[in-house]
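The values are calculated or read from the model by the stated rules, or taken from the named source; none is laboratory data. Note that the structure is a prediction, hence the values are computed from the model and not measured. Counting neighbours? That spans all protein chains shown, and the Cβs are built from the backbone with ideal geometry, glycine included. Note: accessible area is taken over every heavy atom of the protein model, side chains too, but ligands, DNA and RNA are not part of it. Shrake-Rupley method; radii C 1.70, N 1.55, O 1.52, S 1.80 Å.
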Amino acid sequence: MTDILLCGKRSDHSLAKVLLPALARYGEVSYYHPELFQKSGEGKEKFLICDCEHVPQLQAEKGILLFKNSFEAEEKLRVPPGFLCVLEPQNLKAAALLQEAGAAAMTCGMSAKDTLSISSLDYGSAAMSLQRSVPTLTGEIVEPGDITVEVGAALSPRQILSICMVLLLSGVDASNGYRIS
């Protein structure tokens, strides 16, 4: 199972509302928010998403820390080596804390400097460009290249990037592209 911690203001549902249906295509998703617990998708439980305002004490071996832009700076972080950290390049508060913690971070944005960027976007489809190798939670390495994405809903580039990065890091094969909604 892939553990995903969405870190940022509780009132910021912009990523959770699109991650749930998109990930449910690839297995069952359990979602926990302090005011809500829900499951969606079918098959074996594959994803656990915890929506939290602050980064909790991490006593698990691996997972994905996905920082919302609403994340507020807090005290020092300790990020175990098995956790993969994802943020947008303008999220300077999260970037500073991760740098202080000595944790590597992957960025999702619109520039060639970002780990994952969008190379083209059209109604119903997108082409993503993985700019550098990234590890999956299982330890496999995904090499740079393009990923096609069929987009079945009105999603922002930011949302598409976050969903695709979570799928990549979770080890969902991208060779035939992704289908998200």
For C52, what is the net charge nearby, where nearby means another residue's Cβ is under 14 Å from its Cβ and Lys, Arg count +1, Asp, Glu -1?
-4
With charges only on Cβ, +1 for K and R and -1 for D and E, what is the dipole size of segment 110-162 about its Cα centre, in debye, rounded to 20?
220 debye
Read-out mean projected area of the Cα convex hull in nm², candidates [x] 15.7; [y] 9.5; [z] 11.6; calculated match is [y]
Cβ-defined net charge surrounding M110, 13 Å radius [Lys, Arg +1; Asp, Glu -1]
0
Relative contact order %, the chain, counting alpha carbon pairs below 8 Å whose residues are six or more apart
19 percent
Segment 58-109: trypsin sites (Lys or Arg not before Pro) in DSSP coil with no more than 12 other Cβ atoms inside 10 Å:
K76, R78
Distance between Cα centroids, segment 1-35 to segment 108-181: provide it in whole Å.
17 Å
In the chain, what % of DSSP beta bridges are antiparallel (nearest 5)?
40 percent
Segment 115-181: trypsin sites (Lys or Arg not before Pro) in DSSP loop, at most 15 other beta carbons within 10 Å:
R132
List the lysines whose Cα lies under 21 Å from the Cα of K62, skipping any in the same chain that are fewer than 8 positions away.
K44, K46, K76
If every Lys and Arg gets +1 and every Asp and Glu gets -1 at its Cβ, then about the Cα centre segment 39-181 yields a dipole, in debye to the nearest 20, of 80 debye
Accessible area per residue in Å² at 1.4 Å probe, computed on segment 22-181:
51 Å²
Considering the dipole of the chain built from charges on the beta carbon (Lys and Arg +1, Asp and Glu -1) around the Cα centre, which of T107, M1, V172 is farthest to its positive end?
T107
Can you give the longest stretch of the chain with no exposed loop site, where a site means GluC sites (Glu not before Pro) in a DSSP loop (not H, G, I, E or B) with at most 13 other C-beta atoms within 10 Å?
76-139
Built amide H within the under 5 Å cut-off of E45, gap 5+:
E28
What do you get for trypsin sites (Lys or Arg not before Pro) in segment 1-44 restricted to DSSP loop and a cutoff of at most 10 other Cβ within 10 Å of the site's Cβ?
K44
Give me the extension gain from E74 to E61: residue separation times 0.36 nm, minus the current Cα-Cα distance, reported in nm with one decimal.
2.5 nm
Value of [θ]222 nm, deg cm²/dmol, for the chain, DSSP H segments ≥ 4, -39500 (n - 2.57) each, nearest 500
-5500 deg cm²/dmol
If you roll a 1.4 angstrom probe over the protein chains with everything in place, what fraction of the accessible area of segment 18-102 belongs to carbon and sulfur, to the nearest %?
51 percent
